[in-house]
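Here's the structure, in structure tokens; my notes come after.
The values are calculated or read from the model by the stated rules, or taken from the named source; none is laboratory data. These figures come from a predicted structure and were not determined experimentally. Cβ placement follows ideal geometry from the backbone for every residue including glycine, while neighbour counts extend to all protein chains displayed.
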Amino acid sequence: MILTMKILVTGASGLLGSRLVKELLSKGNEVIALHNRNPVPVRHEKLVKVRLDIADGTLLEDLILRVRPDVIVHAAAYTDVDGCERDRVRAWRVNVGATRRIVRAARVVKSHLIYVSTDYVFDGEKGMYGEEDTPNPINYYGLTKLVGEELVRASDLLHTIVRPSTIYGVGGSKKSFAEYVAEKLSRGEKVYALVDQYVSPTQNTLLAKAVAEIVEMRFMGTLHVAGERMNRYQFAVKVAEALELPAELIEKASIKDMKHWVAKRPRDSSLDTSKAMALLKTKFHDTSLALELFREEWLGGKGR
Ligand SMILES: NC(=O)c1ccc[n+]([C@@H]2O[C@H](COP(=O)([O-])OP(=O)(O)OC[C@H]3O[C@@H](n4cnc5c(N)ncnc54)[C@H](OP(=O)(O)O)[C@@H]3O)[C@@H](O)[C@H]2O)c1
């Protein structure tokens, strides 16, 4: 028998959150979806949407205390890496302050807290990071996300910290790199992609399915849930090939050309996902499957 739950999702209008809400509803769960500036693109009788700024006062805590969710998936964050460097006050309020309040309220109502973190907690000097490797963020975004992790880890809550890397897909309010590549190439425009930044591109639908599995399994600890290691140029070429778009329009670029970047980026923040691969059924690591899903979603009305 599958038990359905009451699940609160923050960041429900985002790249991950919008897919996660659909996935959790498809399993019969009740979902309370939090968003702020952008809408949640889903309708369902078991879905309640709440618009609120999680960095603002005690609204979020009050909501958690009233709703008493079995599970909270905290996927909201100020994810603009350069923006976090420029506006450190906002980055701290959203990524740290809100997480602290979620932890406080979740302890009262005893929710399972799933905190979505990032590969940017690592400095990128090593690559293929395992869950036990020591974080050492090199930008403010990474630092705030790491402080969020520590707040969750230090609590006495049943908690899971999920670290993806370079999330892509359709469906969120923000355009992912893969969508940007697809749109530029389909207009016959050149795309510049880095050959010296390595990541583990993570498709949002597969990530959402993996998180939904974690909800059911109630795993405690940290898990790397991400795709295969590749550089951004290789990734752009794979996207082009999957969509049968002209890969020859993709030009190689280097980190040293990125003069407009305000924040430093890790050189190789790829993640070792063997622990999650052994634990979860979802094939989140399968690049062909991920790109097939991306193709279907992109062609099917661009997911928007
Ligand atoms: N994107 C990546 O490449 C990446 C890589 C690794 C890890 N992550 C982590 O994965 C998680 C999901 O990322 P994503 O790419 O899905 O994010 P995203 O598309 O940038 O969306 C961010 C979400 O956070 C919400 N949010 C931001 N500030 C808020 C505020 N003050 N009050 C309420 N909601 C707020 C946004 O709501 P509105 O849009 O409605 O304002 C949106 O739903 C994040 O925790 C991120 O740190 C992302």
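Report yes if LYS238 is assigned to a loop (DSSP other than H, G, I, E, B), at pLDDT 95 or above and over 22 Å from GLY124 (Cα atoms), otherwise no. So LYS238 fails the test.
The listed residues are ALA226, ALA290, and the only one of them that is in a helix (DSSP H, G or I) and either of a type in the set (Gly, Ala, Ser) or within 25 Å of PHE122 (Cα to Cα) (or both) turns out to be ALA290. In segment 8-42, the qualifying residues are those that are small (Gly, Ala, Ser) and surrounded by fewer than 19 Cβ atoms within 10 Å (Cβ to Cβ), and the one that is farthest from ALA105 (Cα to Cα) is SER26.
So which residues in segment 258-287 are small (Gly, Ala, Ser) and either within 28 Å of VAL81 (Cα to Cα) or buried (at least 21 other Cβ atoms within 10 Å of the Cβ) (or both), if there are any at all?
Of segment 258-287, the ones small (Gly, Ala, Ser) are 263, 269-270, 274, 276, 278.
ALA263, SER269, SER270, SER274, ALA276 - these are the residues of segment 258-287 that are small (Gly, Ala, Ser) and either within 28 Å of VAL81 (Cα to Cα) or buried (at least 21 other Cβ atoms within 10 Å of the Cβ) (or both).
Entry remark, segment 248-304: residues being over 17 Å from the mean Cα position of the chain (by Cα), aromatic (Phe, Trp, Tyr) and modelled with pLDDT of 95 or more number 0 in total. When segment 7-52 is filtered for residues that are more than 9 Å from the ligand (Cβ to nearest atom), of a type in the set (S, T, N, Q) and not in a helix (DSSP H, G or I), only ASN29 remains. Looking across GLU216, GLU251, one residue alone is touching a residue at least 24 places away in the same chain (Cβ under 8 Å) and closer than 18 Å to VAL195 by Cβ. It is GLU251. Using the structure shown, decide if ARG66 is of a type in the set (Lys, Arg), at pLDDT 95 or above and either closer than 27 Å to GLY142 by Cα or in contact with a Ser or Thr (Cβ under 7 Å, 6 or more places away or on another chain) (or both). Against the criterion (of a type in the set (Lys, Arg), at pLDDT 95 or above and either closer than 27 Å to GLY142 by Cα or in contact with a Ser or Thr (Cβ under 7 Å, 6 or more places away or on another chain) (or both)), ARG66 does not qualify. Taken together, the residues in segment 53-78 that are within 14 Å of the ligand (Cβ to nearest atom) and under 21 Å from the mean Cα position of the chain (by Cα) amount to 11.
List every residue pair whose Cβ atoms sit under 9 Å apart, with the two residues 6 or more apart in sequence or on different chains, where the first one lies in segment 37-60 and is without any contact (Cβ under 8 Å) to a residue 24 or more places away in the chain and the second, anywhere, is part of a loop (DSSP other than H, G, I, E, B) and more than 12 Å from the ligand (Cβ to nearest atom). Pairs that qualify, where the first residue is without any contact (Cβ under 8 Å) to a residue 24 or more places away in the chain and the partner is part of a loop (DSSP other than H, G, I, E, B) and more than 12 Å from the ligand (Cβ to nearest atom), are LYS46/THR4; LYS46/GLY28; LYS46/ASN29. Among the residues making up segment 178-206, those that are hydroxyl-bearing (Ser, Thr, Tyr), within 16 Å of the ligand (Cβ to nearest atom) and not in a strand (DSSP E or B) are TYR180, SER200, THR205.
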